[in-house]
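J.: This is the structure I want to talk about, given as structure tokens.
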Amino acid sequence: MATRWGICGAGKISYDFCLCLRSLPREEHEIVAVAARDKGRAEEFATRFEVGQSYGSYEELAQNPNIDVVYIGTIHTQHVENSLLFINAGKNVLCEKPMALSLEGCKKVLTAAKQKGVFFAEAFWSRHFPAYKFIQEQIKSGQIGEVVLVEATFAVPILHVPRLFDLELGGGGLMDIGCYTVQAANLIFKGKPELIVAHGSKAESGADKTAVILLKYPGEKFATLAYSTEGSQGANHFTIHGTKGNLVIPDSFWYPTRVVVRENDVKYFQLPSIEDLEGSTFGNAQGFVYQAKCIRQCLLKGEKECEAIPHEDSETIMYIMEEALKQLGITAVAARNKGRAEKFAVDFDIPQNYGSYEELSMDPNVDVIYVATIGPMHVEASLLFINAGKNVLCEKPMALTLADCKKVLSAAKEKGTLFVEAYWSRFFPVYKLIQDEIKAGTIGEVMLAEATFAMLIPTIDKINDPEIGGGALLDLACYTVLAANTVFKGRPDRIIAEGTRKSGGDDRAGVVLLKYPGNKFASLAYSVEVNNGPSSFIIRGTKGSLQIPDFFMAPDRIILANGETKVFDLPQVKNHENLRYPNSQGLTYEAQGIRRSLLSGLTESPEVPHEDSETIMYILQEVLKQYALP
């Protein structure tokens with residue numbers, strides 16, 4: 001009977017893993033379903049690998065009863081959340097490294113797997129290569145005597161990869177590549193070292209670039225580890241020094257094909273033969289075959305851990321990495337950087353600062369929490385605070401799928417807490433005036449709404465990476481959908497969308513037509529590839545029109561039906577010259593609106609009620625489904 005795989009994430013590493021799965025006998029390995037936050041990417045992935053089911057949410061994948069094990073190939077910051085989702089659904093899990101960004105997260109996942117009685121393994125694929133097994137056999141047989149020193153180096157010039165230097169994405173060299181050196185030391189010595197000493201350099205963002213780590217183990221045994229994201233690629237070796245001899249993987253030790261036993265004695269290991277490697281990203285990607293075969297054997301035997309990478313090893317590796325990063329002045333959990341929190345607290349005279357969101361959620365003196373992490377973290381962070389009984393103001397988009405949007409809103413309703421999606425536009429006086437004018441019938445019956453968002457920002461990292469919630473619609477042009485929803489409310493009868501997307505999946509420009517009951521329409525357009533032009537919002541009624549001539553997402557003026565331009569003075573803010581976004585003073589309106597809701601005992605904001613958030617997400621999701629890949 002075949003092992004039935006579910007694939008969580010449609011990125012590069014999932015692609016390579018599935019190339020290998022497809023090369024194996026169908027009676028042994030079958031890819032049943034794939035899920036991505038973007039339904040279109042999941043469908044494209046499914047077509048490439050002839051997968052029968054594709055989903056636009058991970059929750060749907062978790063509910064599929066025909067899956068034996070789920071492979072998680074999402075970004076680092078999502079690993080804990082994704083793992084817990086599938087574990088709690090009773091699924092076996094193979095999660096890409098690092099399985100977490102903190103020891104706490106690691107333990108949480110391993111404990112959940114144990115409680116649910118499901119298989120869980122961290123996907124350190126190196127451990128499955130024959131070269132690693134050969135090394136362990138050589139050491140066990142005493143061929144090189146007692147091992148006293150391990151050396152491992154991983155240096156590749158990848159400063160050009162934006163994700164590596166964004167702490168909100170779990171960036172940093174250790175978590176991405178240096179972790180392989182730590183697992184190498186752990187392979188030989190096992191257990192926690194007695195001493196960890198780390199020194200290194202950091203990028204301006206605070207992410208680690210280069211470091212050297214010294215580990216001292218019981219019995220005066222040592223490991224010296226080095227990694228760099230800025231050094232030119234050289235001999236990335238793994239050397240094991242014993243009292244009778246050495247074992248050396250001379251290069252690319254994380255996917256090795258040879259081990260030097262003596263100067264003229266080299267043991268070679270031929271990679272599995274795969275006919276189709278078109279589009280693969282990672283060197284020696286054929287090695288994923290070893291990992292897939294091992295996981296199948298574990299499941300057939302009913303094991304809950306993988307002997308090649310047992311839970312104890314995953315926990316020890318995370319323990320070492322967390323301690324090393326602390327010594328480098330980094331807290332390795334997304335935006336949960338104690339140093340950044342401390343600086344922020346000083347800048348704004350805030351009495352308390354924490355190095356984790358969990359600590360913030362437990363502060364009894366906090367009435368409401370503003371969530372301003374990256375898009376993919378919004379759901380996890382919101383649920384953390386809601387479940388702790390906190391009121392939440394979460395930046396837009398509050399989620400990347402309709403399913404997640406509903407999950408957060410349901411949680412807030414069950415807990416009886418205030419939850420508001422931070423569409424700040426709705427709190428500006430201009431938007432309130434628009435609603436008053438429409439309600440008063442000043443422009444008659446509204447038949448058409450037009451909104452355009454044009455801005456030249458094609459190089460912003462988070463716009464370009466769909467794995468971190470990228471794409472222009474979700475990040476910026478969602479304001480055009482908000483504008484339409486301001487006027488018409490409710491779901492449209494029909495949605496027609498045409499847009500451009502890069503091969504990676506992120507959208508760059510689009511035109512959206514919404515048809516509402518009563519033959520009413522909204523025409524929306526956006527682009528991040530054109531020179532900044534008027535980003536306008538026009539509302540056309542049977543008796544006249546209202547127009548925000550530019551920057552409609554944070555407006556300070558409106559042209560009324562009689563042609564008069566009404567201007568609103570923005571709130572006075574100290575040091576306004578330091579504000580990063582135009583008209584950011586308008587965030588004052590939002591803060592005041594949230595306070596009013598709290599004082600009134602509301603669990604929804606009149607400005608952005610839950611129904612509006614759900615409707616906007618419904619439209620956004622449907623638009624992205626309709627976009628065709630170039």
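Each reported figure results from applying straightforward, stated rules to the coordinates on display, with no laboratory input. Bear in mind that the values here come from a model prediction, so they are computed numbers and not experimental data. All Cβ positions, even for glycine, are placed from backbone atoms using ideal geometry, and neighbour counts span all protein chains on display.
J.: On a 0 to 90 degree scale, rounded to 10, what angle separates helix 610-626 from the longest Cα axis of the chain?
T.: The angle comes out near 60 degrees.
J.: When the Karplus curve 6.51 cos²θ - 1.76 cosθ + 1.60 is applied with θ = phi - 60°, which whole-Hz ³J(HN,Hα) does each residue of region 259-266 get, with x for Gly and Pro?
T.: With coefficients 6.51, -1.76 and 1.60, one gets 9, 8, 8, 9, 3, 10, 10, 10 Hz.
J.: Can I get the semi-axes of region 425-626's equivalent ellipsoid? Compute them from the C-alpha gyration tensor as square roots of 5 times the eigenvalues, in angstrom, largest first.
T.: For region 425-626, the ellipsoid semi-axes come out as 25, 22, 18 Å.
J.: If you don't mind, another one. Ordered by residue, what ³J(HN,Hα) values in Hz, to whole numbers, does region 596-601 give under the Karplus form 6.51 cos²θ - 1.76 cosθ + 1.60, where θ = phi - 60° and Gly and Pro are x?
T.: Taking θ as phi minus 60°, the curve returns 4, 5, 5, 5, 8, x Hz for region 596-601.
J.: Can you give the extra length, in nm with one decimal, that the chain gains between ASP276 and LYS515 once fully stretched, where that is 0.36 nm per residue apart less the Cα-Cα distance?
T.: Values: separation 239, 0.36 × 239 = 86.04 nm, distance 4.51 nm.
Answer, rounded to one decimal: 81.5 nm.
J.: Further question: For a quick protection proxy, order the peptides 237-246, 261-270, 39-48 by their average other-Cβ count within 10 Å, most packed first.
T.: Numbers: 237-246: 17.7, 261-270: 10.9, 39-48: 20.1.
Those peptides, ordered most packed to least, come out 39-48, 237-246, 261-270.
J.: Same structure again: Tell me the label only: which of (1) 31.0, 104; (2) 24.7, 75; (3) 26.8, 94 is Rg and Dmax of the Cα atoms in Å as calculated from this structure?
T.: (3)
J.: Under a Cβ-Cβ cut-off of 11 Å, what is the net charge of the residues other than ARG540 that fall near it, where Lys and Arg count +1 and Asp and Glu count -1?
T.: 0
J.: Going by alpha carbons, how many degrees (0 to 90, nearest 10) lie between the helix axis of 179-189 and the longest principal axis of the chain?
T.: Helix 179-189 sits roughly 30 degrees off the main axis of the chain.
J.: Let me have the relative contact order for the chain, percent, based on Cα pairs under 8 Å that are six or more residues apart.
T.: Result for the chain is 11 percent.
J.: Another question, then. Add +1 for every Lys or Arg and -1 for every Asp or Glu among the other residues with Cβ under 14 Å from the Cβ of VAL430, and state the total.
T.: On the way: positive: ARG426, LYS432, ARG557, LYS566; negative: ASP436, GLU437, ASP550, ASP556, GLU564, ASP569, GLU590, GLU607.
Summing Lys and Arg as +1 and Asp and Glu as -1 gives -4.
J.: With each run of n ≥ 4 DSSP H residues scored as -39500 (n - 2.57), what mean residue ellipticity at 222 nm is computed for the chain after dividing by its residue count and rounding to the nearest 500 deg cm²/dmol?
T.: Mean residue ellipticity at 222 nm (helix-derived): -9500 deg cm²/dmol.
J.: Write down the percent of antiparallel bridges among all DSSP beta bridges whose residues are both part of region 27-153, to the nearest 5.
T.: Restricted to region 27-153, the bridges split so that about 0 percent are antiparallel.
J.: Near PHE238, within a Cβ-to-Cβ distance under 10 Å, what is the net charge of the other residues, with Lys and Arg +1 and Asp and Glu -1?
T.: -2
J.: Please compute the contact order of region 3-123 in relative form: average sequence separation of alpha-carbon pairs under 8 Å and at least six residues apart, divided by the residue count, as a percent.
T.: That works out to 23 percent.
J.: Which trypsin sites (Lys or Arg not before Pro) in region 117-200 sit in a loop by DSSP (not H, G, I, E or B) and have at most 15 other Cβ atoms within 10 Å of their own Cβ?
T.: When the trypsin sites (Lys or Arg not before Pro) of region 117-200 are filtered for loop state and at most 15 Cβ neighbours within 10 Å, LYS190 remain.
J.: Would you grab the residues whose amide H sits under 5 Å from the one on GLU230? Only those 5+ places off in sequence or on another chain, please, with H modelled 1.01 Å from N.
T.: Counting only residues 5 or more places away or on other chains, the set is VAL156, ILE158.
J.: Please give the contour-minus-distance gain from GLU498 to LYS574: 0.36 nm per residue of separation, less the Cα-Cα distance, rounded to one decimal in nm.
T.: Details: separation 76, 0.36 × 76 = 27.36 nm, distance 4.32 nm.
In short, 23.0 nm is gained.
J.: Quick check: pseudo-label points 7 Å beyond the Cα along Cα→Cβ at GLN352 and LYS326, how many nm apart are they?
T.: 2.2
J.: Three principal axis extents, largest first, for the C-alpha atoms of region 3-123, in Å?
T.: Principal extents (largest minus smallest coordinate, Cα): 38, 27, 23 Å.
J.: Rounded, prolate or oblate: which fits region 72-165 when a ≥ b ≥ c are the square roots of the eigenvalues of the alpha-carbon gyration tensor, with rounded for a/c under 1.5 and prolate only if a/b beats b/c? Each step should come with its number before you reach the end.
T.: Numbers: a/c = 2.55, a/b = 1.36, b/c = 1.87.
In terms of gyration-tensor shape, oblate.
J.: Let me ask another. Report, for the chain, the % of DSSP beta bridges that are antiparallel, rounded to 5.
T.: Counting only bridges with both partners in the chain, antiparallel ones make up about 60 percent.
J.: Let me ask another. In percent, what relative contact order does region 356-422 have, based on Cα pairs under 8 Å that are 6 or more apart in sequence?
T.: With pairs under 8 Å counted, the relative contact order is 33 percent.
J.: Follow-up. Taking R0 as 41 Å, what FRET efficiency do you get between THR603 and GLU564 from their Cβ-Cβ distance, rounded to the nearest 0.05?
T.: That gives a FRET efficiency of 0.60.
J.: Here's a follow-up. What's the angle, to the nearest 10 degrees (0 to 90), between helix 402-415's Cα axis and the longest principal axis of the chain?
T.: Here the helix axis deviates by roughly 80 degrees.
J.: Determine the percent antiparallel among the DSSP beta bridges restricted to region 105-228, to the nearest 5.
T.: Bridges in region 105-228 that DSSP calls antiparallel: roughly 70 percent.
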